[in-house]
Amino acid sequence: MNLELLDPWEQEYPQVIEETLEDGYVLSCKFNRRGTLLAGGCLDGRCVVWDFDTKGVSRNLIGHVKPVASISWSRNGRFLLSASKDWTCILWDLVSATKHTKLRFSTPVMMAQMHPRNNFRFVVSLYQESPVIVDLSSGKVEQWTLATETEGKEDHKSSSFVTSSVWNKAGTSIYAGTSKGYLNIIDANTRKITYSMRVTSTTIKGIQWSRNGRDMLVIANDRVIRFFRLDEKGIPVLQNKFQDLVNRIQWNQASFSADGSGHKAEHNIYIWDKNMGNLVKILEGPKEPLDDLAWHPVRPIIGSVSSYGNIYIWTAKHEENWSAFAPDFTELEENMEYEEKEDEFDVVPEEEATKRKQDDEDITVDVTTDETIQAFLDIDEDRGGEDEVFYLPTLPFDGDAQSESDSDSVYTDEELKRSDSQSTLDEGPRPRKLYKKEKSP
């Protein structure tokens with residue numbers, strides 16, 4: 001769909017399931033920054049990337065041996081970070097469909113998220129351990145442990161751990177939710193907690209940001225989704241609470257629409273207005289429980305993951321509006337008699353027709369200027385000359401080229417601690433064993 005033809009004043013919500021994506025048992029899905037690619041993490045450890053325009057599989061990445069816990073896109077769309085319950089994180093290069101780096105930790109990985117501006121930096125939440133920041137920008141693995149308690153408060157450190165950690169839009173702070181219901185703001189440079197507040201008495205399941213980076217949703221186990229808005233100092237202020245008072249539904253995931261109206265789900269999908277707090281629409285899906293969902297970054301489209309491993313694509317019903325192409329075009333409800341104008345079909349003299357044709361040819365048409373699509377612009381966009389990947393090229397068929405790469409590097413947790421002197425990313429390919437095929441007698 002041409003984004004420039006969408007009516008900016010019309011509020012649209014997804015209404016019907018347009019298509020179903022099936023390729024293995026998908027657990028979670030995530031759109032890239034522009035919404036042109038959709039990635040899914042599978043139960044068998046694979047990561048699948050779909051081209052969202054053609055709905056075809058662009059990449060099938062095999063690297064984990066246990067289910068994928070979370071996936072995250074880099075800012076430029078070239079790299080995909082996958083975290084798995086097999087204690088590893090893999091940074092995939094999607095252009096070549098190979099592993100850029102594979103990191104192994106000493107405990108299962110609950111989630112990992114890429115830095116919003118640095119394509120080689122990410123934060124990792126570990127099970128019953130402190131979260132860590134991993135940086136690969138210098139060509140070697142650098143790791144820093146983040147604080148989980150404010151200074152002087154160590155009373156419940158052993159029983160509380162971080163369950164969800166996300167970057168803010170600028171990448172200067174990390175917002176971490178704990179198993180005790182605390183929301184901590186951690187400075188990315190000092191790695192110390194600058195602000196802490198107790199949001200709920202239960203475990204925080206997830207934190208989701210809006211596209212503008214000022215609104216935040218906190219999902220907890222108390223069946224309430226809380227909507228916060230950041231003040232000038234970056235402190236979250238509670239604006240609204242969303243819950244089903246009748247059925248007391250346990251929410252699995254939450255997301256923001258492209259224009260910022262809040263939205264939550266349990267297959268049915270509930271859509272709320274974030275400012276008024278009123279329920280706008282309930283989307284009734286198939287009789288399959290919902291595990292995860294993602295709202296398209298610029299269009300009224302939702303991708304929902306069922307417990308059967310399918311991704312359902314929800315879209316809005318679009319009616320044909322021919323007046324958008326011809327302003328003087330009028331749609332008729334029924335046939336009517338047309339009165340011909342007196343000079344409508346008169347023969348134009350050849351000289352006048354030639355003159356009109358020459359005037360039309362004198363108009364200069366600019367076919368070289370690349371105009372930026374307004375829907376793809378962020379409020380604080382700084383392009384910096386960075387090449388962004390919108391679509392993935394087709395790869396030549398080569399056996400297991402997309403699975404086990406021979407040049408991938410695996411780092412254990414102990415190696416990460418002394419990575420400044422020992423761990424590098426320029427390891428050569430491992431030697432392959434050659435087998436000679438025996439001839440049958």
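The values are calculated or read from the model by the stated rules, or taken from the named source; none is laboratory data. For clarity, every value in this text was computed on a predicted model and none was experimentally measured. As a convention, Cβ positions derive from the backbone with ideal geometry for all residues, glycine included, and neighbour counts pool all protein chains shown. Side chains are part of the model used for accessible areas, which takes the heavy atoms of the whole protein and leaves out ligands, DNA and RNA. Shrake-Rupley method; radii C 1.70, N 1.55, O 1.52, S 1.80 Å.
Numbers for the structure displayed
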| read-out | value |
| --- | --- |
| Selection count where residues are among the β-branched types (Val, Ile, Thr) and more than 29 Å from ARG299 (Cα to Cα), scope region 192-234 | 6 |
| Test: residue in region 287-307 that is modelled with pLDDT of 80 or more, in a loop (DSSP other than H, G, I, E, B) and open to solvent by 80 Å² or more (accessible area, probe 1.4 Å) | no |
| Residues within region 56-107 that are of a type outside the set (S, T, N, Q), farther than 18 Å from LEU136 by Cα and free of Cβ contacts under 8 Å to residues at least 40 places away in the same chain, tallied | 7 |
| Cβ-Cβ under 8 Å pairs, at least 6 apart or on other chains, region 181-201 side closer than 14 Å to SER130 by Cα and of a type in the set (Lys, Arg), far side in a strand (DSSP E or B) and open to solvent by less than 40 Å² (accessible area, probe 1.4 Å) | ARG191/ILE133; LYS192/ILE186 |
| Residues of region 70-95 that turn out to be open to solvent by 20 Å² or more (accessible area, probe 1.4 Å) and touching a Leu at 6+ places or on another chain (Cβ under 8 Å), as a count | 3 |
| Filter result for the condition that a residue is polar (S, T, N, Q) and in a strand (DSSP E or B), over THR107, THR101 | THR101 |
| Test: residue in region 203-212 that is touching a Lys or Arg at 6+ places or on another chain (Cβ under 8 Å), in a strand (DSSP E or B) and either among the charged types (D, E, K, R) or modelled with pLDDT of 85 or more (or both) | yes |
| Residue within region 145-168 that is farther than 30 Å from GLY234 by Cα and over 22 Å from the mean Cα position of the chain (by Cα) present | no |
| Exclusive hit being assigned to a loop (DSSP other than H, G, I, E, B), within 30 Å of VAL48 (Cα to Cα), modelled with pLDDT of 65 or more and not acidic (Asp, Glu), set THR330, THR394, THR369 | THR394 |
| Lone unmet requirement of (1) open to solvent by 10 Å² or more (accessible area, probe 1.4 Å); (2) of a type in the set (A, V, I, L, M, F, W, C); (3) free of Cβ contacts under 8 Å to residues at least 40 places away in the same chain for LEU126 | (1) |
| Cross-chain or 6+ apart pairs with Cβ under 8 Å, region 214-242 first and on the phi > 0 side of the Ramachandran plot, then open to solvent by less than 60 Å² (accessible area, probe 1.4 Å) and of a type in the set (A, V, I, L, M) | ARG223/ILE249; GLY234/ILE185 |
| Within region 40-55, considering residues that are over 13 Å from PHE390 (Cα atoms) and touching a Leu at 6+ places or on another chain (Cβ under 9 Å), the one most open to solvent (accessible area, probe 1.4 Å) | LEU43 |
| Condition check for VAL218: assigned to a strand (DSSP E or B), farther than 22 Å from ARG75 by Cα and open to solvent by less than 50 Å² (accessible area, probe 1.4 Å) | yes |
